[in-house]
Every structure is written in C-alpha cells, then in structure tokens.
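Reading through the structure tokens given below for one structure.
The values are calculated or read from the model by the stated rules, or taken from the named source; none is laboratory data. Remember, predicted model here, so these are calculated numbers, not experimental data. With ideal geometry, Cβ positions are generated from the backbone for all residues, glycine too; neighbour counts draw on all protein chains shown. Just so you know, the surface numbers come from the protein's heavy atoms only, side chains and all, with ligands and any DNA or RNA stripped out. Shrake-Rupley method; radii C 1.70, N 1.55, O 1.52, S 1.80 Å.
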Number of protein chains: 2
Amino acid sequence: MKTTIKYPPISDLHVTRYSKILSTGSYLPDNIVTNEDIIKRYNLIATDRAVRYSIGISERRWENKNLDVSDCVALAAKQCLERANISIEQVDRIIYSKLLGDYNVPATAIGMLKKLNAKNGIPAFDLTAACSGFIHAMDMAIRYIDSGDDYVLILGGGLTSWALANDFNKIDTRTVFLMGDGIAAMLLGVSKEKHFLSSYIQTDNTHYEVGYMPLGLSLLNSKESLSSDMFGMKIDNGRILNENAIESAVVTVNRLLESSKLTIDDIDFVATSDQTTQLWEGQLKALNIPLEKSVSLFHKQGNTASAMSALNLDELINSGRLKRGMTVLMMAHGAGASGGGVIFKY
Amino acid sequence: MKTTIKYPPISDLHVTRYSKILSTGSYLPDNIVTNEDIIKRYNLIATDRAVRYSIGISERRWENKNLDVSDCVALAAKQCLERANISIEQVDRIIYSKLLGDYNVPATAIGMLKKLNAKNGIPAFDLTAACSGFIHAMDMAIRYIDSGDDYVLILGGGLTSWALANDFNKIDTRTVFLMGDGIAAMLLGVSKEKHFLSSYIQTDNTHYEVGYMPLGLSLLNSKESLSSDMFGMKIDNGRILNENAIESAVVTVNRLLESSKLTIDDIDFVATSDQTTQLWEGQLKALNIPLEKSVSLFHKQGNTASAMSALNLDELINSGRLKRGMTVLMMAHGAGASGGGVIFKY
C-alpha cells in the first residue's frame, strides 16, 4: 500500500560555513539479555530459533537500573568528546534526540550536563522525532554551525528495558524481543571543506498512529488506567511500518542523490536505522545497494530508537571500514512517520 | 543565592539570509475556570483574594477534554497561517515546543499535520525545553531560514489541566492554581531586511530538578506507583525558581543588548514568560524597564508553559500597541533551568 502523502522536494543546503563529523561515541550497558532470557523471564511460548528467524535478533543490552538515562547519555558524550579531544566546556550546543528522558520536563540534555559536571551554561534541549531523531539533530547541527556554532554535540537513543523489567502486567509479545538500550553520540565541528552534500527530512502524517509510545495526554483522555506498559512502544501493524520505511528510504535516497549530484554507485557506505534485520536488508535491496556496503547491529543490540543509524555509523568507523574521505549515506525512519537522511564525505 | 554556573558569552548571528515574523496566532479554550471554581472543586482551604494576592491569577482556561493536544495546536496554527495568508502546504518546517504531547512518540507536530489534513510530508518534530522552548524554536527557525527554508511554523504550549481534572488522588496545592491551557503559533519567513539582531540561549544544570514533570523513566526507577499527578509540574521551591529566572533574565538581556549594539532604552516592547504576575514585574524591575513597555496575560491565562512569551507577543500585536518597525525584546525562562531571548525589529 503506497502512502497518499506527497513527499516534499529537496532544497539544496545554503551553507556558507561548513560542518564535519569530528567523532562518534556510544554507551551500551554491559548486561546482555538473550532471547532465551526473555522467554524464561516472562514464561513465553516462543523459541530463540523462531525469534531469530522472524526478526533476526539474538540478544540486546538492558540497563540494570543502576544508571539514569542522563547518566547513560553522559557516558556516550564523554567517549565521543574524548575521541575528539574536546572538553564539554568547548561545546556550543547540545541536542538530545530522546525516547524517554529522566523526566518529561526539563530536557534530559540538561541532566546530562549536570552528570558531566559542566560548569558552563551550554544551550541544551531534547527533541522528539522517534527513530529518525538523530538525522533531525544532524540536520540541525549543520545549520547551527553555519550560523555561528563551532562545536555541536548530538545524542540519541534511550533506555526502553526499564518498562519491561518493572513488574508489569501484560507483556506485549510483539515488541518484547525488539527493543534494546543504547545511546549514540556525535560531535560536529566547523570545517574549511564541504563535507555535507545534502540533507532531507520528511514526515508522513497518514502513519501518525501506526507505532507510538502512549505516555502522553492520550492516556488521560482515554481514561485508561495507568500502567508500566505505557512506557513501551505499541506497534499495531509492523508490516505497514516496514513497507512505509522502505518507501520512505527510496524517496529519501533519490532526493539526496539528486541534490548531491551523485549516483548510488558513488556511495561507499550506508548507515541506516535497522528496526529488524529484515528491514535493514529490505531497504538496501530496494536501493540496489549490496549488504557489504552497510552494517546492522540489530542482531545483537535490538531497536535502540534514534541511536540505531548512529551506532551503525560508529561501528563502521571503529571497525576501520569507513575511512576519511569516503562518501556516506546515513538515513533513518521511524514512527510518526518521520524519515530522512544526509550524504556526507566522512 | 547566585548560581555557580558560568553563563556562556553571546555569539553574533552569522546569517546571510534574513528572517522575519510574518504572523502570530493562538488557541485558548473557551472554558474559563476561576479561582473559586478550583477551590470548590477540590474543597480547598483558600480564598480567591489570597490566591490573587500571592501569585496574581484570577482565572485560566482549561480544555474540556473534547480536543486532543494536536487539535489545539492545529487551531493555533490555522489562525496564524490565515493571518499571513499562507497555506500549510507552503510551510517548509514545523517545530512544536511541547509540554505533553498526544503521545511521547511520535511528535505531536506530525499529529497536527494530520489534523490540518496536510497533504505534504513537511518535516516536523517536537522539542523539549520547558517554558523557554518557544525561544529555542525561534532561534532554530532563524537558522533554518538562513540555510534554505522559506517558511517555518513554530508552536508552543500545551494542555496541563487534564491531569488536574482526571480524578486524581492528591492535589498539589502549590501548583493547582498556576497552570492554564493555551497554544501559541508563529510563522517566520524569509526577508530582504535584517530583523533579528541577536539571539541567546543558556542553561543552568545546577537547577535541573528544581521544577520538573515526572513523566519519564525517573518514575520507573523510583518504583513510585503510577498516578495522574505525574502529568503535572512539581515545583519544590518556587522562590529559587523565581530568583533564578530574574538572574537569567538580566544576563540574557545584557548579552542580547551587547550583540545588538543597543541599550535598554532602544527597546520598545518586552514579551517575556510570566509564571506569576510577581515574576513578570520582578524581571522588568531588575531590568529597569517600565511595566508599560510589556504585557502579562498571567492573571487571566496562568502558566501556559512555552506559549507564555509568544501569547504575550501576540497580545501586543493584536492590541495594536506593537507596530512594524518597533524593537522587541522577547525572552523566556523555565525549568531545567533553561532561558534565553531574541531582539528583533518587528
């Protein structure tokens, strides 16, 4: 089923002050949870083999509740800043693409500054754009650097396991295996050369309620009784989400290539959101990109929300496959629906 | 008590493509709730006179649960767009500074597009920066227009009354009179002349937990039982928040004037966040600005979160006091703490 939404045309980036990625970082909890662990814990009628066959996941990381989200975000930020040899006090702006923060208000990005013991009153806020949030944050960082910032630190992802671990009544067997905890970080800085060739974001409001996390006013309106499972993702129709993700990826990539004046063969590596192994493969297949030009950590990390695409990029960098000067297509798609991407020379 | 945070210096705006405010708009529910209504409803030991004396409020608007937040945001957007004679399909980007959305994920900004029946897949996301969120969104819109957007629609505020109205066990008597429902909208467009002279945002992480809305992972961690009052603001020490708001306002305004090369006498009007009548007066007094150069709707609308400063600006425009060409200082401060402002020629 094709969407009825009209995807907007791409605008070329009017940027006079260029950005580049200085470093990436991550925080992943030590605690590994296997499919078997989940099956036992919740007494489910499922097998590890069936779970791996249907969505591709073997294990994921679940934080053991010793750390707040802001602690985890601070650890990812710390690694990222250390890799670039930049102190938090040098950073001009913080953007955290959150899933669930410490609180609804204030921004968990400020909590992160507290955990890092930052002495400066650095501008910091959270943004909500589900799994595509890291791309929104990158798109924003490019524009902030264009108009004056020297260093922008962006973060994405969150902890979703707490809701599962919090003695809740009903386990949603459609999503219990899907989610993992993880945070990705990226530091962008000013550059004399042009690295970012194009950026594109779109939404599809016809898919507003296909996947959602209830924790909002909708709960009060419906007079539902409050329970822990409102902290988890509800996905009523995964097939529609997947089809929409692939359709969105094709549109996004065509627009990005058009604006970058590149063809798909010019792309050295792809980092994308991989909500399942099948969706990762499906996107690449629809784009005629060999799997070797990409990586998916879904099988061992699960869906880490807006961190996914950035954790995959971090993996490409750390494994030594992605080298400076290579051309990268980074994209993401998520609930809302909201999707987008960037093409950059690393 | 002065904060120990070091407020960052201001950077001049490196903007080559200028922005201007094309129009503003608002949505306020019809339903007026007086202090007496609240006293009766919750059987409180208080008087209208004492409430008015202590915080300055007489009444506020509470949505009667017939509309979702996204409906209310759509109504504010509609008024704003109609005033500028621009259709939603012409808008390049939507930013909603939310308090509580329809859901935690996806962005309520996308829900708004659905309610407006938008046919285009316009980029849209929510941001979280408490009561200062509208300033963050304006700061962002200026940069998006600089780098290519023609029209950016920003929205702020939300519904807080639902939590109060939802049969909850414990009424927080410190905050029950404070909050009101309301949404503000602003459309920014590209301009040949420079309107925005300066923009400044800062945070104070030493005040991270002075005022907060629990609805986040902190709830699960603390093993608190879930209840409706987690949808409301918790303010443990209003005095500290007020002192911090005034300190932040003075720093923000000094930085903005410095970057704009103006003095306080050059400012024709001030639109600020007014969490109480006393805080509105306190900010202006500390800045040596006569009350006549500003307006506060707190007495009849209460704290509408990030909508406050923008609703006050909308009032200055609609009352005919603020005319094109005049110089405006717009600022806001909120939980987190997070504050900032802009100076612009309207």
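For the range A:175-191, a residue qualifies if it is touching a strand residue (DSSP E or B) at 6+ places or on another chain (Cβ under 7 Å) and open to solvent by 10 Å² or more (accessible area, probe 1.4 Å), and the qualifying residues are A:Thr175, A:Leu178, A:Met179, A:Val190, A:Ser191. The criterion of being farther than 30 Å from B:Leu99 by Cα, touching a helix residue (DSSP H, G or I) at 6+ places or on another chain (Cβ under 7 Å), surrounded by fewer than 17 Cβ atoms within 10 Å (Cβ to Cβ) and free of Cβ contacts under 8 Å to residues at least 60 places away in the same chain does not hold for A:Glu82.
Going by what's in this entry, would B:Ser319 be described as polar (S, T, N, Q) and in contact (Cβ under 8 Å) with a residue 60 or more places away in the chain?
Details: polar (S, T, N, Q): yes; in contact (Cβ under 8 Å) with a residue 60 or more places away in the chain: no.
Spelling it out, it is not the case that B:Ser319 is polar (S, T, N, Q) and in contact (Cβ under 8 Å) with a residue 60 or more places away in the chain.
Out of all the residues in the range B:233-248, is one or more among the basic types (Lys, Arg) and closer than 30 Å to A:Leu215 by Cβ? Checked against the condition, which is being among the basic types (Lys, Arg) and closer than 30 Å to A:Leu215 by Cβ, the range B:233-248 yields at least one hit.
When you scan the range B:1-26, how many residues do you find that are open to solvent by less than 40 Å² (accessible area, probe 1.4 Å) and part of a strand (DSSP E or B)? I'd like the intermediate steps shown before the answer.
Kept after step one, since they are open to solvent by less than 40 Å² (accessible area, probe 1.4 Å), are these residues of the range B:1-26: B:3, B:5, B:7-8, B:10, B:13, B:15, B:19, B:21, B:23-26.
After this cut, where a residue has to be part of a strand (DSSP E or B) as well, the list is B:19, B:21, B:23-26.
So the count comes out to 6.
With respect to the conditions (1) touching a strand residue (DSSP E or B) at 6+ places or on another chain (Cβ under 9 Å); (2) within 23 Å of B:Thr203 (Cα to Cα), A:Ser87 lacks only one, and its number is (1). Answer yes if at least one residue in the range A:68-77 is away from every other protein chain (no Cβ under 14 Å), open to solvent by 30 Å² or more (accessible area, probe 1.4 Å) and within 18 Å of the chain's Cα centre (by Cα), and no otherwise. Scanning the range A:68-77 turns up at least one residue that is away from every other protein chain (no Cβ under 14 Å), open to solvent by 30 Å² or more (accessible area, probe 1.4 Å) and within 18 Å of the chain's Cα centre (by Cα). In this structure, A:Asp172 does satisfy being open to solvent by 10 Å² or more (accessible area, probe 1.4 Å), in contact with a Gly (Cβ under 7 Å, 6 or more places away or on another chain) and either more than 20 Å from A:Val73 (Cα to Cα) or in a strand (DSSP E or B) (or both). Do we have A:Gln283 as open to solvent by 10 Å² or more (accessible area, probe 1.4 Å) and either farther than 19 Å from A:Gly238 by Cα or not assigned by TED's automatic domain parsing to the domain that holds A:Ser132 (or both) here? Criteria not met by A:Gln283. So, in the range B:85-103, of the ones that are touching a residue at least 24 places away in the same chain (Cβ under 8 Å) and small (Gly, Ala, Ser), which residue ends up surrounded by the most Cβ atoms within 10 Å (Cβ to Cβ)? So, considering only residues that are touching a residue at least 24 places away in the same chain (Cβ under 8 Å) and small (Gly, Ala, Ser), the one surrounded by the most Cβ atoms within 10 Å (Cβ to Cβ) is B:Ser97.
Scan the range B:128-157 for residues that are under 18 Å from A:Ala129 (Cα atoms) and either in a helix (DSSP H, G or I) or at the interface with another protein chain (Cβ under 9 Å from one of its Cβ atoms) (or both) and the total you get is 10. Picking from residues in the range B:104-127 that are of a type outside the set (Gly, Ala, Ser) and part of a strand (DSSP E or B), the one that is most open to solvent (accessible area, probe 1.4 Å) is B:Asn120.
Residue under question is B:Ile45, and the condition is that it be in the same structural domain as B:Ala184 (by TED's automatic domain parsing), open to solvent by 70 Å² or more (accessible area, probe 1.4 Å) and free of Cβ contacts under 8 Å to residues at least 24 places away in the same chain; does it hold?
Values: in the same structural domain as B:Ala184 (by TED's automatic domain parsing): yes; open to solvent by 70 Å² or more (accessible area, probe 1.4 Å): yes; free of Cβ contacts under 8 Å to residues at least 24 places away in the same chain: yes.
Yes, satisfied.
For the range B:312-340, taking the residues that are within 25 Å of B:Ile240 (Cβ to Cβ), at pLDDT 95 or above and not polar (S, T, N, Q), the one that is surrounded by the most Cβ atoms within 10 Å (Cβ to Cβ) is identified as B:Ala332. Within the range A:288-304, residues that are in contact (Cβ under 8 Å) with a residue 24 or more places away in the chain sit with their Cβ atoms under 7 Å from residues that are open to solvent by 60 Å² or more (accessible area, probe 1.4 Å) and part of a helix (DSSP H, G or I), at 6+ positions apart or across chains, in these pairs: A:Val295/A:Glu315.
Could you tell me which numbered condition A:Gln202 fails, if it satisfies all but one of (1) in contact (Cβ under 8 Å) with a residue 60 or more places away in the chain; (2) not assigned by TED's automatic domain parsing to the domain that holds A:Asn303? In the conditions (1) in contact (Cβ under 8 Å) with a residue 60 or more places away in the chain; (2) not assigned by TED's automatic domain parsing to the domain that holds A:Asn303, A:Gln202 misses (2) alone. With the requirement that a residue be within 22 Å of B:Tyr151 (Cβ to Cβ) and of a type in the set (Phe, Trp, Tyr), what does the range B:80-108 give you? Of everything in the range B:80-108, just one residue is within 22 Å of B:Tyr151 (Cβ to Cβ) and of a type in the set (Phe, Trp, Tyr), namely B:Tyr96.
Within the range A:230-255, restricting attention to residues that are touching a helix residue (DSSP H, G or I) at 6+ places or on another chain (Cβ under 7 Å) and more than 14 Å from A:His333 (Cβ to Cβ), the residue that is most open to solvent (accessible area, probe 1.4 Å) is A:Gly232.
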